Each structure stands twice: as C-alpha cells, then as structure tokens.
Amino acid sequence: MTTIIAADAPLVQYALRLADNALVLGHRLSEWCGHAPMLEEDIALANIALDLIGQARPLYAYAAELEGEGRNEDKLAYLRDASQYRNVLLVEQPNGDFAVTIVRQFLYAAFMAPFWRLLAGSRDATFAAIAAKAEKEAAYHLRHSAEWLIRLGDGTPESHARAQAALDELWMYTGELFEADAIERGLIERGVALDPQTLRPEWDETVDRVLGEATLKRPPDGWMQTGGRTGRHSEHLGFILADMQFLQRAYPGATW
Amino acid sequence: MYTQALNTREAIGPVEDPEHEARFQARVDGEEKVEPNDWMPEAYRRLLVRQISQHAHSEIVGMLPEGNWITRAPTLRRKAALLAKVQDEGGHGLYLYAAAETLDVSREELVEQLLAGKAKYSSIFNYPTLTWADIGAVGWLVDGAAIMNQIPLCRCSYGPYARAMIRICKEESFHQRQGYEIILTLSRGTAEQKAMAQGALNRWWWPSLMMFGPSDKESQHSDKSMRWKVKRFSNDELRQKFVDATVPQGLYLGLTFPDPELRFDEASGHWAFGAIDFDELRQVIAGNGPCNHERMKARRKAHDDGAWVREAALAYAEKRRSRRDTARAA
C-alpha cells in the first residue's frame, strides 16, 4: 500500500491534528540544524524539534490504536498525502530568516503552552498524559522564542525591521489556531478536547506583553488564512512531504 | 565527530625556561594533569590550541553531511535519533571550543580561522552522504574510527581536553552503535537495502582508514605530542586497532570490504589490509575533496546570514545594561 487515508473518527482526527502540527513544525525546525546563526541555536532549535517530534510520536501511535487498522506512527506520518495532513498552515510556512522562524515559533508556542496545560485535564487519559509532558516543553519553547523575539525587536534597526516583517507576514495564519469545527465541538462537549476560544485571552495577553517589550507593533486582525484542518494546505507542505516521505515511497514496504 | 591526525612538524623551539620546562615534563611523566593556570611551554599551548580547535571545527563541519538526511530519515524513530546525534555533535563543538578557550584564545578567533580557510578539520567530512545507508556508515565507520583516536585522548595531559573527551567518547560510542544498527537493519532488509549498505561501505571504508592520518613511515610525526602525552599511539597503531575491530563487524553482516588484499594474518593476529591511497588524502586535505567547497560555503553562509542576529543580541544586551545603569543612577 502506498498512500493511506486515516479514519475519520473524531478522536483519530483530533490526535492527527495535534500530531501533524508537532511533526511539521519539528521538521521545519530540523532544517536549521547545522545552519543556525550561532552554535547555541543549532542546539536549541534541534532540541525544540526533538521535543515536537517526541510529541507527535505518541499522538500518531494513539491515532493508530484508535483506528484499529494495524497501522503505526510511521504509516500515519509517511504514507498520508498532503491533503490528508491536518496541521494548521502556520507550522508549514518556510523557515525564512531567523526572525520568521522565531515569530512562527512564538505565535505557536504562545498558543500551545496554555493548550497543553489545560489539555492535561482532558477526560481522555492518553491525551491528558501526553499533554502533561508536552506542557513543560511548550513552556520552554515559549520562553526561548519570546526571549529571542524581544532581542530581535529591541536589538538593531535591521533586526527590528526583520522581526516586524515576519510578524506582519505570519499574522494571517494565527486565526486558524482558534478555530473549532464540528469534529472538535463534539469532543469539547465530552471534555476530551479543548475549546481553543478559551485560550484567546491568555494568548492575547502573552502576545501583547512580549510584543510590547520587543517594541514591535501587533498587526491588525485582517483576513485570516485557513484550510489546514480540512487538508487545504499551502504549496509548501507538498515539498516537506516529498523530502520526508521519499524513502518510504521509493522503497515501499521496506523496514528501516 | 572527530579530528584527524594531521600531524604537522613543528620544530621544537628554543627552551623557554629550562627549569620550568623540566618541572613541567616531570609532572607530565608522572601522569599529572596540566590545568589552565599552570605554567606550560608555549609550544605545548599552541599544539593544544591547534588540535582542540581542529577537533571542534570537525564536529561543526561534521554536522553538515549527516544533517543532509535529517529531513529524509525513513522513520520517526530514525529521524529523532539522527537529529539528536547531530545535536550532540554541536554540543561536542561547544565544549571543545570552551576547552580551547582555557588556552587563551577566543571561539570567535578560532571560527574566523576556519571560515578564512586557515584552519583544518577532518577530511572525512568532505565526502558526500549519498544514501540513507551513508548515515549508518558514518556512525559505524567514521565514529568508530573517531573513538579509536579519542579514547586515548581521555588520558591526555591537558585536563580540560581530557575531561571533555570523556563525555564525548561516551556519546560517540552510542552513535557508533546506532550507526551499526542502521547498517544491520539494511543488511537484513530487501536486496535494494543490502545494496545500499554495501555501496556505503564501499565508499566510506578507505576514507575512514585515512582518518588516522599518514602512515608512521612518512608521517611528519610529532615527538612532542607523544612526549607531552597528548598523543599516546601512532597513526598506524590506531588504524590497525580500528581495522581489527571493524572487519569482523562487517563480515558478520555479510558485507564485503572493498579491499582484495584484506585477510586475517594468523601469525600476527591482525587483519592485514591493502595500501592506502595517500594521494587521495592529500588531495582532500588540500581542498580537492568532493565536498570541500560546499562544506565551507555552508559554514560561511550560516555565519554571514546569522550576523544580524548576533548583532541584535549584543545590541540588546548593551541597551539593557545602559538602562539598568540609568535606573541605578536615578
């Protein structure tokens, strides 16, 4: 079998959404390894990427278990095509310069840090356990990216301009973080999933505080891009998967 | 990853201070560790700066050939392991630069030397990683060769280097096992995977043997390095240990070594091997390896593209300092 379609059961889809966010962002960050502005950042970005890949793995395993089709983490990660991926558009955006990478990380982590903290109280024991571990990691990711954003925003005129440009460019992908569709609403009612709208005040507060310290301007909430949750991605995801899935596609069925 | 035995002859200069020097040698002979604040001959300091910085540069440049497969690793477990491994190499670079800094040279200066093409790094990283099996081969062979060289460095006379090497060796031996496990999996896989493993062994075997440097006969062998207990075994001794340890591992996998003269010599109890093409090594060291230009271009690009980030961090630190001073004055 070369391409699979995951089951559409809400719990499976929810696990895949969280897993795909983590894997795709982890993959993006891993592209920096060996090319960062300083050795400490080669190490830090690799570390964050490892945390994210580490979050994705048990989520895929859980999705596979819930499906009951005999799949595993690798089948779900390596054999679904782009239209089957459920990550938000923000995480698949290219690394750009260091400012783009930091802003992307900050906007995501400012959402995920409280997300995991609250999901640790999920009625679903597996989500709760994964969230309890991810919470600590996300808190570090937020601190790392916020500290950098403050340095870039309040550093030199060049770094300020780059940070502001990155923020302006990525802002239109933030709306999608707060969307909940019918799949999620059912799970929210059962106390399994989180209503992302409840995270809005904390996200706003974090973003405003850090941007204030960074002397950066919060972009106005204009048109927001969306589509990742239904498999309508930007052009970038296809290239990520072309790299990531190459060996599994070229040598189907092999064990690595 | 690793620095190579790039022994270069340095004439032993005039004795700076015979009395100190004699005391220093007695301490080294007595296997005492030399620490940063201790008196040491200038030539000892220079030898260590050169060796430790070459080693650090090798770790950093070595991130590139392996980093080449992070985004294409075939499973999530392999992806995480490879990323963690390359991250470890960055960590090794960091402690080695820190060890060099104890000898009164800054990391910035050393990095400048690398980027200016004035410093060497292990020539092995000028070879390309063409298939996934190369990631296995790099771990098994390149890290395996590195370990042979590095274990004795844990007893090096210079304390900070010796201590850094203890941790590095632990991580390297983990990497070596990880690499071997990749090759093992491939060699038990499909015909295509076996061919991939064999191809990687064919390409990496000789360059790995070259990592030990020129043969003892023609080596610009550093007596000083031995006398000061920085180096403890000759290039050929270490190379033989590596061949003896590695050949049975490859044969166990059903792989063949690209050396028709390779045979077990009952009399000596060692594996005898064919002549190494030292011209190739000289060419690669001279900058003519398949990837020398790319590796240096990638390092320079990362450095240049990151300049504005480093400047921003410094400018911010300066602003914060001056704000604090102003607040204190008020």
**Fill in**
With Rg from the Cα atoms and Rh as the Kirkwood inverse mean 1/r over Cα pairs, the protein assembly as shown has an Rg/Rh of 1.02
**Request:** Would you mind calculating the relative contact order of chain B from Cα pairs under 8 angstrom and at least 6 residues apart, reporting the percent as a whole number?
**Result:** 21
**Request:** Fewest Cβ neighbours within 10 Å first, please rank A:VAL103, A:VAL88, B:VAL230 accordingly.
**Result:** B:VAL230, A:VAL88, A:VAL103
**Item:** Label-to-label distance, nm, for residues given as B:LYS170 and B:LYS319 (7 Å Cα→Cβ offset)
**Value:** 4.1
**Request:** For B:HIS270, list long-range residues whose amide hydrogen, built 1.01 Å from N in the peptide plane, is under 5 Å from its own amide hydrogen.
**Result:** B:ASP265
**Item:** Angle in degrees between helix A:98-119 and the longest Cα principal axis of chain A, rounded to the nearest 10
**Value:** 60
**Complete:** chain A -> Rg/Rh from Cα coords, Kirkwood Rh, value 0.96
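By how many nm would the segment from B:HIS270 to B:ARG27 lengthen if fully extended, with 0.36 nm per residue of separation less the alpha-carbon distance? If you can, show how the numbers build up before the last one.
Numbers: separation 243, 0.36 × 243 = 87.48 nm, distance 3.53 nm.
Extra length from B:HIS270 to B:ARG27 when fully extended: 84.0 nm.
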**Asked** In nm, to one decimal, how far is the modelled label at A:THR226 from the one at A:ARG249, with both set 7 Å along Cα→Cβ?
**Response** 3.0
**Prompt:** So what's the angle, to the nearest 10 degrees on a 0 to 90 scale, between helix A:157-170 and the longest Cα principal axis of chain A?
**Reply:** 40
**Request:** Could you tell me, in Å, what Rg and Dmax come out for the Cα atoms of segment B:7-146?
**Result:** 18.7, 61
**Prompt:** Using a Förster distance of 22 Å, how high is the FRET efficiency between B:ARG45 and B:LEU115, based on the Cβ-Cβ distance and rounded to 0.05?
**Reply:** 0.45
**Request:** Could you pull out every one of the lysines with an alpha carbon less than 19 Å from that of B:LYS33, ignoring same-chain neighbours closer than 8 positions?
**Result:** B:LYS224, B:LYS229, B:LYS231
**Item:** Members of A:LYS133/A:LYS217; B:LYS79/B:LYS170; A:LYS136/A:LYS217 lying beyond 24 Å, as alpha-carbon distances in this model show
**Value:** A:LYS133/A:LYS217; A:LYS136/A:LYS217
**Item:** Point-to-point label distance, A:PHE178-B:ASP277, nm (Cα→Cβ direction, 7 Å offset)
**Value:** 6.4
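Bear in mind these aren't lab numbers, they're just calculated from the coordinates by the rules spelled out. Remember, it's a predicted structure, so these values are computed and weren't measured experimentally. Heads up, the Cβs are rebuilt from the backbone with ideal geometry, glycines too, and the neighbour counts pull from every protein chain shown.
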